[in-house]
1. What residue among Val79, Val32, Val48 shows peak mean-square fluctuation when the chain is described by a Gaussian network model with Cα springs under 10 Å?
2. In whole Hz and in residue order, list the ³J(HN,Hα) couplings for the range 63-72 that follow from phi through the Karplus curve 6.51 cos²θ - 1.76 cosθ + 1.60, θ = phi - 60°; x for Gly and Pro.
3. Between the range 86-127 and the range 1-69, how many Å separate their Cα centres?
4. How far apart, in nanometres, would the label points at Asn71 and Leu110 be if each is projected 7 angstrom from Cα along the Cα-to-Cβ direction?
5. List every residue whose amide H lies under 5 Å from the amide H of Leu52, counting only residues 5 or more places away in sequence or on a different chain, with H placed 1.01 Å from N in the peptide plane.
6. What is the diffusion coefficient of the range 2-69 in µm²/s, taking the Kirkwood radius over Cα pairs and the Stokes-Einstein relation at 4 °C with a viscosity of 1.567 mPa s?
7. Kindly provide the Kirkwood hydrodynamic radius of the range 67-118 in Å, to one decimal, from all pairs of distinct alpha carbon atoms.
8. Provide the per-residue ³J(HN,Hα) series for the range 77-82, in order, calculated from phi with Karplus coefficients 6.51, -1.76, 1.60 and θ = phi - 60°, each as a whole number of Hz, with x at glycine and proline positions.
Amino acid sequence: EAKMLDHGGSLYIILRSDHAGYNCYMFGVVGVGRIYNCVHVLLWKEGVAKELLKITNKELLKDFNLQIQPNEFYKYRVVFKDDMFEFFIDDKKIGVLKDSTYDNKGYIGLLCGSRAVFRNLKVWSLD
């Protein structure tokens, strides 16, 4: 679970990262509380980001009855195996994608572009 403490911030879960962090997947939210708020999945390759999935604030509200606001906790979850990824917010599946750029190895992490609080972190293997 995570919450942004101010408007306009961002937070991400980092997956399958190399040691330097230049190559990885990132799932998160940007622009919390702003009109341009969106949830997206990024593929970072040699320090350059490519957007693989984007869901705008308007789509979140219409399709999933979610509106990410500052100072509220939301449960972010990623389930991945091999080249399949499922992305959830508050137990609602908001996206699925298939990508084989990086294999099942690597680091995981958290990133926030502003002030954020994380709690109840869990990581486990599905094997």
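1. Highest fluctuation among the options: Val48.
2. 8, 10, 6, 10, 9, 6, 10, x, 6, 10
3. Each part reduced to its Cα centre gives a spacing of 10 Å.
4. 2.0 nm
5. Distant-sequence amide H within range of Leu52: Val41, Leu42, Leu43.
6. Details: Rh = 12.6 Å.
Estimated via Stokes-Einstein, D reaches 103 µm²/s.
7. On the way: mean 1/r = 0.0767 Å⁻¹.
Its Kirkwood hydrodynamic radius stands at 13.0 Å.
8. Working through the residues one at a time gives 9, 10, 10, 9, 8, 6 Hz.
Every number here is computed from the coordinates shown, using simple stated rules; none is lab data. Note that the structure is a prediction, hence the values are computed from the model and not measured. Quick reminder, even Gly has a Cβ in these numbers, built from the backbone with ideal geometry, and neighbours come from all protein chains shown.
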